[in-house]
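Novice: Starting off with a structure, shown below.
Bear in mind that the values in this text are calculations on the coordinates, not laboratory data. None of the values given here were measured: they were computed from a predicted structure. Methodologically, a virtual Cβ is constructed for each residue, glycine included, from the backbone with ideal geometry; neighbour enumeration extends over all protein chains shown.
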Amino acid sequence: MWFIFLLLFSVSCQALELINIPTTNTLKKGDLALLFRIYDEGGLVIDSRFGLAKRVVVGIPLDLQNAIGDEKMETSLPLVLSGRIRITDGTKRFPGLAIGYHDPYGYKKRWLDEKEEPRKRIKGIKGLYLVASKPILLLDTKIGSHFGLLADVEDYKKGGLSLFCGAEVDIGSGMKFLLETGDIPLDKGEEGREATLCLGMRWNLAPRLFLEFDLIDLSHTPSRTAKICYQTTLFKTEK
């Protein structure tokens, strides 16, 4: 039965983010990607992305706090449209470039609750970014590198300006090791943001399906999150 299930998949699944930080990847025109992310306290993010054109992808993330459990569920309404445009594909010497706007729901935020006790949850900031991606071959090992600049355009005084970078390393059998650091502040803003370090492991279970486990913000008490990404073709386009 599992073998029959695997045969239903025929195209590769593009990871549009590393762990939290964006990449230059887009979807083929007519393709749909659904990402489910389980985070702290039974939270669930459903992020749908659609390939509008060869170099353009749009999406709508929906954050469901307390989706699992007996607490009252809260949502991230109103929904915010995200998007990405790949400017260049890159060459042997120069990286590919993309610009975009997205709320990744992935950066750990800390605050004091009503009892003045520190708490945390996985929550992203809305940002405009410029990202570069370039593959590197090191000792027969394929490494994908990603780096860029993120600005909180909705409330710059609060979020400021930051850098991010990361890498994905193929380790065989459809597995990748992920490493990234984000929120490297150029301007900390009123929130006084600090850099975060994240690790992850991704398994390609099938050409259209991957499973990922991540550790978010290793410099503090890390949060453990899980992702499931599924990609399908809504309609085929002429080449």
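Novice: Which length gain, in nm to one decimal place, applies between LEU218 and LEU81 when the Cα-Cα distance is subtracted from 0.36 nm times their residue separation? Write down the numbers at each step before the final one.
Specialist: Numbers: separation 137, 0.36 × 137 = 49.32 nm, distance 2.97 nm.
The span from LEU218 to LEU81 would gain 46.4 nm if fully extended.
Novice: Oh, and also: Starting from the Cα of THR233, step 7 Å toward the Cβ, then list every residue of segment 24-50 with an amide N under 12 Å from that point.
Specialist: Label zone hits: 28-32.
Novice: If amide H atoms are built 1.01 Å from N in the plane of the peptide, which residues on other chains or at least 5 residues away come under 5 Å of the amide H of ASP31?
Specialist: GLY51, LEU234
Novice: Kindly state, to the nearest 0.05, the FRET efficiency for PHE94 paired with LEU62, given R0 = 41 Å and r defined as their beta-carbon distance. Walk me through the intermediate numbers first.
Specialist: Numbers: r = 36 Å, r/R0 = 0.88.
Here the calculated transfer efficiency is 0.70.
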